[in-house]
Amino acid sequence: MASLIEIAKDPEKRRAIVEDAAKLLDAEVGDKRGFSGKAVKLAFRAVKGVSPGMIPMSIDALLDDFCAQIQPFWEGAQAAGQGARPYFQSHSDAVAQALLQITDARAQRSSQRVLKSAYSKLRNQAVKHITESMPRLADLVERHAS
C-alpha cells in the first residue's frame with residue numbers, strides 16, 4: 001500500500017485531499033460554539049480575508065508535512081488492525097502535537113501579520129480543537145489512503 005506522502009504526490013488525488021480537508025476545516029469551524037468558538041470563527045474569517053483561496057492554498061502547502069506526521073499513526077492503525085477513527089482518537093493528543101509542530105514552525109516564519117496574530121490567539125486551544133476534529137481527520141485519511 002502506498003504511503004500518505006506518495007498518495008499526496010498524485011496531482012488528482014492531492015486536489016481531492018485538499019478539497020476534502022478544506023471542507024473538514026469549514027465543518028469543524030462551523031461546529032464551534034461558545035466564546036472559544038467565536039474566537040475560532042473570527043480568526044478563520046480573518047485568514048480567509050487575507051486572500052481568496054487562502055485556506056486551500058495553505059492546506060496544499062502543508063500537506064506533505066502533514067502526511068509525513070500522520071503516516072506513523074496510519075501505520076499504527078493498520079498494524080493494530082483498527083480503523084483510523086478509533087486509533088486516531090485513542091492517540092489524539094499525539095496526533096495533535098505532531099501536526100502542531102508543523103504549524104508552529106510555519107507560523108513563526110510567516111511574514112503575514114494577520115495570520116500570525118490569529119494563530120497566536122488560538123494556539124493555546126489548538127490541541128483541544130484538533131482532538132475534537134479527530135473523527136473527521138481519521139475519516140479523511142482512511143478515505144484517501146484506502
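Would you mind calculating the relative contact order of segment 60-116 from Cα pairs under 8 angstrom and at least 6 residues apart, reporting the percent as a whole number? Averaging sequence separation for qualifying contacts and normalising by length gives 32 percent for segment 60-116.
When a/c reaches 1.5 or more, the comparison of a/b and b/c decides; with that in mind, is segment 23-82 rounded, prolate or oblate per its Cα gyration tensor? Taking the square roots of the gyration eigenvalues as a ≥ b ≥ c, segment 23-82 is oblate. Excluding same-chain neighbours fewer than eight residues apart, the lysines reachable from LYS121 by a Cα-Cα span under 26 Å are LYS23, LYS32, LYS38, LYS41, LYS48. Rounded to the nearest 10 degrees, the inclination of helix 54-80 to the longest alpha-carbon principal axis of the chain is 30 degrees. In plain terms, the chain from ALA80 to ARG123 could stretch by 12.3 nm, reckoned as 0.36 nm per residue minus the Cα-Cα distance. Every helix of 4 or more DSSP H residues in the chain counts as -39500 (n - 2.57), and over all residues that averages to -27500 deg cm²/dmol at 222 nm.
The angle between the Cα long axis of helix 11-31 and the main principal axis of the chain comes to about 60°, on a 0 to 90 degree scale. Only Cα pairs under 8 Å and 6+ residues apart enter the sum, and on that basis the relative contact order of segment 1-124 stands at 28 percent.
Read the figures in this text as sums done on the coordinates, not as results from a lab. The structure presented is a predicted model; accordingly, all values stated were derived computationally and were not measured.
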